[in-house]
Amino acid sequence: MRPAARVTGLPPYLFAELDRLREEARARGVDVIDLGTGDPDLPTPVPVIERLCLEARDPANHRYPAYRGSGRFREAVAAYYRRRFRVELDPDREVLAVIGSKEGIAHLIWALVDPGDYVLVPDPAYPVYHTQTLLAGGIPFALPLRRDHGYFPDLTAVPDAVRERAKLMFLNYPNNPTAGVATQEQLAEAVKFVRRHDILLCHDAAYVEMTYDGVVAPSVLEIPGAREVAIELYSLSKPFNMTGWRIGAAVGNASALGILGRLKGHTDSGQFTAVQHAAVEALTWKGAAAFLQEMNAIYARRRDLVVGRLASFGWDFDLPRGTFYVWARPPGGLPVGEFASRLLEDAGVLVAPGPAYGRGGEGYVRLALCVADARLTQAMDRIAAWQARGDLRF
Ligand SMILES: Cc1ncc(COP(=O)(O)O)c(C=O)c1O
């Protein structure tokens, strides 16, 4: 069958491609250690699972969900923002349930971007901002993330002609893939920029709870006046090990959320109400703070294990301050696509090649810390042995 032209032009989805490479290698008998995909290996907290079981038994939840998300879910998100960021949100107008932040990103673009509109997209970045902009006929304009600025873009470098035709700007902190964490001052700079140029800012805060070394990541909505020009995407996927559950929220600018909700009404019917109520359990659970701390301690330990070894192998990186990624430049100068294929073939270690996140990813690979310490140690041992074999230009 002939696909639509818009699909023909799409590259394979990065993470589906990584899954394919992993499965192919496994089928050849390779014992693959997967550091490619950012998908927590630890389970969802038990009270959340138990709440889902209870809610799944309630026939009231078996019907179509409410379009904007259940009232209980929207109130729980508002209460979380009050508690965590001291931001007051109106659950009726300023909170909208999404089926994971990926769905929110995609539909926000379709709801706002006309063919020919510019969308400002960080480079490197989670690939969905770029590909969905292309699908909607928009023009992605790359905002290079500057390593010397904590992986924040230089907004003064956006040309006038682009600023004037830009409809939307994405930022994402703590950042995938660089693991940079923006300061409040940097987010305030972004808010000022979008206000001046009449652009909507979408801050993707999927990793906002995942930071190390005492760093606390801000919400963009903490910036005074931000709700007039910005929305934020919050997701339960990563902090609560709930990637499979597909639940998150878009919060902030009521007019943008109204437009997004209008498009969603014609596209999906929302997330299963039982899942939304299980998410309420996560957001209101007394043990949540301790759980998040415990998860971050596990990722910090894995990070330390990995960066200590990579440094000893001559890899170049900044110490990750958030997310569960290590963004690193391997030595040797081999194009990283080839580097990653050979690492998989020769050492059975899967990493994500940086260029898959944009041109700014050239020279880098991303390692996800979603495997247990023993496997991480094994992965580092294999990389060490592989590099020492010297059949690459190290
Ligand atoms: C920056 C970023 N945004 C959004 C997502 C999607 O998360 P969700 O499970 O909420 O759709 C991811 C997943 O890896 C991500 O890295």
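The values are calculated or read from the model by the stated rules, or taken from the named source; none is laboratory data. If you're wondering where the values come from, they're calculated on a predicted model, not measured in any experiment. All Cβ positions, glycine included, derive from the backbone under ideal geometry; neighbour counts span all protein chains shown.
State which residue is farthest from the ligand (Cβ to nearest atom) when the search covers only the stretch 20-48 and only residues that are out of contact with any Asp or Glu (no Cβ under 7 Å at 6 or more places or on another chain) and assigned to a helix (DSSP H, G or I).
Only one residue fits best here, namely Ala27.
Are any of the residues in the stretch 89-108 under 15 Å from Val251 (Cβ atoms), part of a loop (DSSP other than H, G, I, E, B) and without any contact (Cβ under 8 Å) to a residue 12 or more places away in the chain?
no
Any residue at all in the stretch 75-91 that's more than 24 Å from the chain's Cα centre (by Cα) and more than 18 Å from Ile231 (Cα to Cα)?
Within the stretch 75-91, none of the residues are more than 24 Å from the chain's Cα centre (by Cα) and more than 18 Å from Ile231 (Cα to Cα).
Please indicate, with yes or no, whether at least one residue in the stretch 355-363 is surrounded by 17 or more Cβ atoms within 10 Å (Cβ to Cβ), under 19 Å from Asp39 (Cβ atoms), of a type outside the set (Gly, Ala, Ser) and outside the structural domain of Leu143 (by TED's automatic domain parsing).
Yes.
Kindly provide the set of residues from the stretch 366-385 that are over 21 Å from Val336 (Cα atoms) and of a type in the set (Gly, Ala, Ser), ordered by number.
Ala372, Ala374
Considering only the stretch 181-207, how many residues are within 15 Å of the ligand (Cβ to nearest atom) and in contact with a Pro (Cβ under 7 Å, 6 or more places away or on another chain)?
Of the residues in that region, 2 qualify.
Residue pairs, Cβ under 6 Å, 6 or more apart or interchain, first in the stretch 224-247 and of a type in the set (S, T, N, Q), second part of a helix (DSSP H, G or I). List them.
Ser235/Ser101; Ser237/Thr243
Run Asp268 past the list (1) out of contact with any helix residue (DSSP H, G or I) (no Cβ under 6 Å at 6 or more places or on another chain); (2) surrounded by 23 or more Cβ atoms within 10 Å (Cβ to Cβ); (3) not in a strand (DSSP E or B) and report the number of the one that doesn't hold.
(2)
Report yes if Ala256 is out of contact with any Leu (no Cβ under 6 Å at 6 or more places or on another chain), in a helix (DSSP H, G or I), at pLDDT 95 or above and not charged (D, E, K, R), otherwise no.
Numbers: out of contact with any Leu (no Cβ under 6 Å at 6 or more places or on another chain): no; in a helix (DSSP H, G or I): yes; at pLDDT 95 or above: yes; not charged (D, E, K, R): yes.
No: the conditions fail for Ala256.
Give me the pairs, please: first residue somewhere in the stretch 51-80 and farther than 18 Å from Ala249 by Cα, second residue anywhere and of a type in the set (Ser, Thr, Tyr) and crowded, with 21+ Cβ neighbours inside 10 Å, beta-carbon distance under 7 Å, and either six or more positions apart or on two chains.
Asn61/Thr273
Just wondering, is there one or more residues in the stretch 7-19 that are in contact with a Leu (Cβ under 9 Å, 6 or more places away or on another chain), within 16 Å of the ligand (Cβ to nearest atom) and more than 30 Å from Leu367 (Cα to Cα)? I'd like the intermediate steps shown before the answer.
So the first thing to find is which residues in the stretch 7-19 are in contact with a Leu (Cβ under 9 Å, 6 or more places away or on another chain), and the list is 7, 9-10, 18.
If we keep only those that are within 16 Å of the ligand (Cβ to nearest atom) as well, we get 18.
Applying the additional criterion that residues be more than 30 Å from Leu367 (Cα to Cα) yields none.
Looking through the stretch 7-19, none of the residues is in contact with a Leu (Cβ under 9 Å, 6 or more places away or on another chain), within 16 Å of the ligand (Cβ to nearest atom) and more than 30 Å from Leu367 (Cα to Cα).
Being among the aliphatic types (A, V, I, L, M) and either within 16 Å of the ligand (Cβ to nearest atom) or under 26 Å from Asp41 (Cα atoms) (or both) is the filter here, so list the residues in the stretch 231-269 that pass it. Step through it out loud before you land on a result.
Restricting attention to the stretch 231-269, the residues satisfying the condition of being among the aliphatic types (A, V, I, L, M) are 231, 233, 236, 242, 247, 249-251, 254, 256-257, 259-260, 263.
Scanning the stretch 231-269 gives Ile231, Leu233, Leu236, Met242, Ile247, Ala249, Ala250, Val251, Leu260.
Confirm whether Asn241 is at pLDDT 95 or above, among the polar types (S, T, N, Q) and in contact with a Ser or Thr (Cβ under 6 Å, 6 or more places away or on another chain). Break it down into steps so the answer makes sense when it comes.
Numbers: at pLDDT 95 or above: yes; among the polar types (S, T, N, Q): yes; in contact with a Ser or Thr (Cβ under 6 Å, 6 or more places away or on another chain): yes.
Taking the combined requirement at face value, the residue satisfies it.
Looking at Tyr129, Tyr67, can you tell me which residue is of a type in the set (Ser, Thr, Tyr) and either within 15 Å of the ligand (Cβ to nearest atom) or under 17 Å from Ile199 (Cα atoms) (or both)?
Tyr129
List every residue pair whose Cβ atoms lie under 6 Å apart, where the two residues are 6 or more positions apart in sequence or sit on different chains, the first residue falls within the stretch 183-199 and is assigned to a loop (DSSP other than H, G, I, E, B), and the second residue, located anywhere, is crowded, with 18+ Cβ neighbours inside 10 Å.
Close Cβ pairs (under 6 Å, with a partner that is crowded, with 18+ Cβ neighbours inside 10 Å) amount to Ile199/Ala166; Ile199/Met169.
The conditions are (1) in contact (Cβ under 8 Å) with a residue 60 or more places away in the chain; (2) over 26 Å from Glu294 (Cβ atoms), and Asp41 fails exactly one of them. Which is it?
Evaluating Asp41 over (1) in contact (Cβ under 8 Å) with a residue 60 or more places away in the chain; (2) over 26 Å from Glu294 (Cβ atoms) leaves (2) as the failure.
Suppose the filter is within 16 Å of the ligand (Cβ to nearest atom) and either part of a helix (DSSP H, G or I) or touching a helix residue (DSSP H, G or I) at 6+ places or on another chain (Cβ under 7 Å) (or both); does Ala356 pass it? Step through it out loud before you land on a result.
Values: within 16 Å of the ligand (Cβ to nearest atom): yes; either part of a helix (DSSP H, G or I) or touching a helix residue (DSSP H, G or I) at 6+ places or on another chain (Cβ under 7 Å) (or both): yes.
In short, yes.
Only one of (1) within 18 Å of the chain's Cα centre (by Cα); (2) at pLDDT below 95; (3) basic (Lys, Arg) fails for Arg146. Which number is that?
Unmet for Arg146, out of (1) within 18 Å of the chain's Cα centre (by Cα); (2) at pLDDT below 95; (3) basic (Lys, Arg): (1).
Working carefully through the options Val208, Val220, find the one that is more than 17 Å from Leu369 (Cα to Cα) and buried (at least 24 other Cβ atoms within 10 Å of the Cβ).
Values: Val208 fails: more than 17 Å from Leu369 (Cα to Cα).
None of the others qualify; the one that does is Val220.
When the residues of the stretch 364-386 are narrowed to those that are in contact (Cβ under 8 Å) with a residue 40 or more places away in the chain and closer than 21 Å to Tyr126 by Cβ, which ends up surrounded by the most Cβ atoms within 10 Å (Cβ to Cβ)? Give the steps one after another, and end with the answer.
In the first step, residues of the stretch 364-386 are kept if they are in contact (Cβ under 8 Å) with a residue 40 or more places away in the chain; the result is 364, 366-373, 375-380, 382-384, 386.
Checking which are closer than 21 Å to Tyr126 by Cβ leaves us with 364, 366-371.
Working: Tyr364: 25, Arg366: 27, Leu367: 31, Ala368: 24, Leu369: 24, Cys370: 23, Val371: 17.
Of everything passing the filter in the stretch 364-386, Leu367 is surrounded by the most Cβ atoms within 10 Å (Cβ to Cβ).
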